[in-house]
Amino acid sequence: MMRDLRYAIRVLLKAPVFTSAAVLTLALCVGANTAIYTVVDRVLLRALPYPQPERLAMIVRHYQGAGISEDDVSQNGHTWVALRQGATASVDVAAIGLGGHVNLVANAQAMSVVQQRVSAGYFRVLAVAPAVGREFTDDEDRPAGPAVAVLSHSLWTHAFSADPTIVGRSVTLRGEPHLVVGVMPAAFRSTAPVDVWTPLRPSPQGEGSGENYGIIARLKDGVNWAQASRQIASATTTVAREQYKSSRDPVTFNIVPLQRGLTDETRRPLMILWGAVAVVLLIGCVNIAGLLMARGVSRAPEIATRIALGGGRGAIVRQLLAESVVLAVGGGAAGIAIGYGVSQVFASLLKQAFGVTGELGLDARVLAITSGVALLTSVAFGLVPALQASGVDLRQTLVESGGASIAGAARSWPRRIMVTSEVALGVVLLVGAGLLIRTFGHLMGLRPGFDSTNVMTATLSLQDARYQTSERVVQLFDETLARMRAVPGVQQAAVALTLPYERALNNGFRFVGGPSAGQIINVTYVTPEYFEALRIPVVRGRVLTASDAQGRAAVIVVNQSFVRRHSPDQDPIGRQIQTSGTARTIVGIVGDVQQKVSFGNYGPVAPTPAAYVPVTQVSNGFLTMVHTWFSPSWIVRLAGPQQGVVAQMQNAVGSVD
């Protein structure tokens, strides 16, 4: 075999054009598959890094109706209570709340860290104990319980120099002192990238009144999936009937493997992408098979001569397959290098798009699979050309010195199959690419509804004990915006809870005096100058101003999508809507902006029904709730490109806080 490989290398080096084309084709195809498979392996295939991951589950709401069958992993506090009361014989459960960036002060240094709020028992369900200290107790997980925190190993190392006496020390988190009770092991990976964990304190009230929790579970010893599913369905029967009675489709509760639950949103697009690059690999292999077949035609005299000199057909097939192996090794090695390079260059994009935690890299598993794919596909698609090339008509080929006899009609069926396959696969890929280009063109052609030219934004977490009241939040906004407006070149400055293209707060509303059944809209609190700063046009009425203060008539501004959907036949200005417990009068209509959508059939980004309220007229409870989920953004419009504005914005906030 080694002699065949050495000869194959010499033969291929004598045909640099053919060899380069084949190796480059295979390298690009294998490279694309390596890059995507690296993500697929990390997200979908690799076992979760916890003991007995096959016994970990996630609770889902299952909708079953006409033409629809889907699962939703978001749960409310009523489901949590029902599971704690009725399913603990089969599973241990833990709840996860919405997290985000918060401010941490340690050793007189302030830093932004990622917080995850979890219930007591979260680490027990994952079967990973803290490396130092302990996890939360039930007493710490109750409303108004002691403020405690568990640190990640990375935060402990970088912020506290791996101080072994960290347990029992106090750190300032969200403006409140928290007692450190534990540190997780260095190898521990949570369900999302996290720096610090705090008690969730789940409840059916407040945050728990909506679907703002995720609930994970571990099957107890001796309990199988069918038994656990039955008990969970039984424990949540009342919740499904009472809490979701307005649902058009029947709702039941079930469990799915934790890995599937965590990848619910990314699984389908990732599989589609993987399928697309698999089609590219097939096209590349068919292309290489066509090149080998054409090369076999030109080598017919050589092969006929070898047969005439006593060379067996088996030896010739082996020699031709050795050439395919050499091409596979060269193209596969180059493809793996390309795939690794692509995965590293686009690592941050891939992590954000598909929820990858940890580093993307090529381990032995990925290398073995991608190398095996390159070798098997090359040899498999090289077999037919090898068999055809070795089956020459000896007499006629020698007489005609490599004429067209090998390409006769009786022997042309493999090439016809190759061409047909390549065309079919190419059409599939072309249609997919056409749809992708059409979607991209549609998204690029969407009018954003605002002008971002010379606009800068900065985000700051207000999950802080100092900003629990509307008065303190408004004071912070007023003072920082005044300082920002004093910066040379600043035309307008404002603050908003969320920005265009971001997911906004989904809030229920109804018209005062109208049907009691509520609707869903996106609600954003803003300060004066928000619409001017982003150049969002005013269609009718007025925008929010400084006169819309606390104690004055509660007002609200809606967008055109709101009017089209909820008040198409009646002038909305002057109408009152009830939202978050407050009746507000509509005083203006503004243009639509594109937003990330999480309700209705609007698509991933669309101009959705939205409303804007003055931050001066929102309650303390509302602010505390929304700042748990969102970090407000400061928006500055400049007269033109300007250096040093970021530092001046930071100084403006830092001088106040």
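Considering only region 548-574, how many residues are touching a residue at least 60 places away in the same chain (Cβ under 8 Å) and closer than 16 Å to residue 510 by Cβ?
Qualifying residue count for the region: 1.
Select from region 168-195 the residues that are closer than 21 Å to residue 127 by Cβ, of a type in the set (A, V, I, L, M, F, W, C) and surrounded by 14 or more Cβ atoms within 10 Å (Cβ to Cβ) and list them in ascending order.
Selection gives 181, 183, 184, 188, 194.
Modelled with pLDDT under 90, more than 20 Å from residue 91 (Cα to Cα) and among the acidic types (Asp, Glu): is that true of residue 176 in this structure?
yes
Can you tell me which residue among 147, 131, 95 is more than 21 Å from residue 229 (Cα to Cα) and touching a helix residue (DSSP H, G or I) at 6+ places or on another chain (Cβ under 8 Å)?
131
Among the residues of region 192-210, how many are acidic (Asp, Glu) and closer than 17 Å to residue 158 by Cβ?
Count: 1.
Condition check: surrounded by 14 or more Cβ atoms within 10 Å (Cβ to Cβ), at pLDDT 95 or above and either touching a helix residue (DSSP H, G or I) at 6+ places or on another chain (Cβ under 9 Å) or outside any strand (DSSP E or B) (or both). Does residue 589 satisfy that?
Answer is yes for this residue.
Keeping to region 5-64, report how many residues are surrounded by fewer than 17 Cβ atoms within 10 Å (Cβ to Cβ), assigned to a strand (DSSP E or B) and touching a Leu at 6+ places or on another chain (Cβ under 8 Å).
Total meeting the criteria: 0.
Return the residues of region 507-525 that are part of a loop (DSSP other than H, G, I, E, B) and either of a type in the set (Gly, Ala, Ser) or under 16 Å from residue 561 (Cβ atoms) (or both); say none if nothing qualifies.
513, 514, 516, 517, 518
Identify the single condition in (1) under 31 Å from the mean Cα position of the chain (by Cα); (2) part of a loop (DSSP other than H, G, I, E, B); (3) farther than 18 Å from residue 100 by Cβ that residue 194 does not satisfy, given that it satisfies every other one.
Failing condition for residue 194: (3).
Quickly run through region 492-506 and pick out the residues that are assigned to a strand (DSSP E or B) and either modelled with pLDDT of 85 or more or closer than 13 Å to residue 531 by Cα (or both).
Within region 492-506, 492, 493, 494, 495, 496, 505 meet the criteria.
Out of 201, 218, I need the residue that is in the same structural domain as residue 145 (by TED's automatic domain parsing), part of a loop (DSSP other than H, G, I, E, B) and in contact with an Asp or Glu (Cβ under 9 Å, 6 or more places away or on another chain). Which one?
Exactly one of 201, 218 is in the same structural domain as residue 145 (by TED's automatic domain parsing), part of a loop (DSSP other than H, G, I, E, B) and in contact with an Asp or Glu (Cβ under 9 Å, 6 or more places away or on another chain), namely 201.
Which residue pairs have Cβ atoms closer than 6 Å, lie 6 or more positions apart in sequence or on different chains, and pair a first residue in region 213-227 that is buried (at least 21 other Cβ atoms within 10 Å of the Cβ) with a second residue that is of a type in the set (D, E, K, R)?
Filtered contacts from region 213-227: 218/55; 218/92.
For region 67-122, give me each residue that is of a type in the set (A, V, I, L, M) and closer than 18 Å to residue 199 by Cα.
Listed by number, the residues that qualify are 81, 93, 94, 95, 96, 98, 102, 104, 113, 114, 118, 120.
Would you say residue 528 is assigned to a loop (DSSP other than H, G, I, E, B) and either in contact with a strand residue (DSSP E or B) (Cβ under 9 Å, 6 or more places away or on another chain) or not assigned by TED's automatic domain parsing to the domain that holds residue 579 (or both)?
yes
Of all residues in region 221-238, which are not in a loop (DSSP other than H, G, I, E, B) and not small (Gly, Ala, Ser)?
225, 227, 230, 231, 232, 237, 238
Can you say whether residue 112 is surrounded by fewer than 22 Cβ atoms within 10 Å (Cβ to Cβ) and in contact (Cβ under 8 Å) with a residue 40 or more places away in the chain, as far as the supplied structure shows?
In short, yes.
Working carefully through the options 429, 462, find the one that is modelled with pLDDT under 90 and within 30 Å of residue 615 (Cβ to Cβ).
Being modelled with pLDDT under 90 and within 30 Å of residue 615 (Cβ to Cβ) holds for just one of 429, 462, which is 462.
Is there any pair linking a residue in region 453-478 that is among the small types (Gly, Ala, Ser) to one that is assigned to a loop (DSSP other than H, G, I, E, B), with Cβ under 7 Å and at least six apart or on different chains, and which?
Sorted first by the residue in region 453-478, then by its partner, the pairs are 461/631; 465/174; 465/175; 470/550; 470/618; 470/619.
Got a sec? Which of 618, 555, 656 is crowded, with 19+ Cβ neighbours inside 10 Å and at pLDDT below 95?
Sole residue among the options that is crowded, with 19+ Cβ neighbours inside 10 Å and at pLDDT below 95: 618.
The values are calculated or read from the model by the stated rules, or taken from the named source; none is laboratory data. None of the values given here were measured: they were computed from a predicted structure. We place every Cβ from the backbone using ideal geometry, glycine too, and count neighbours over all the protein chains shown.
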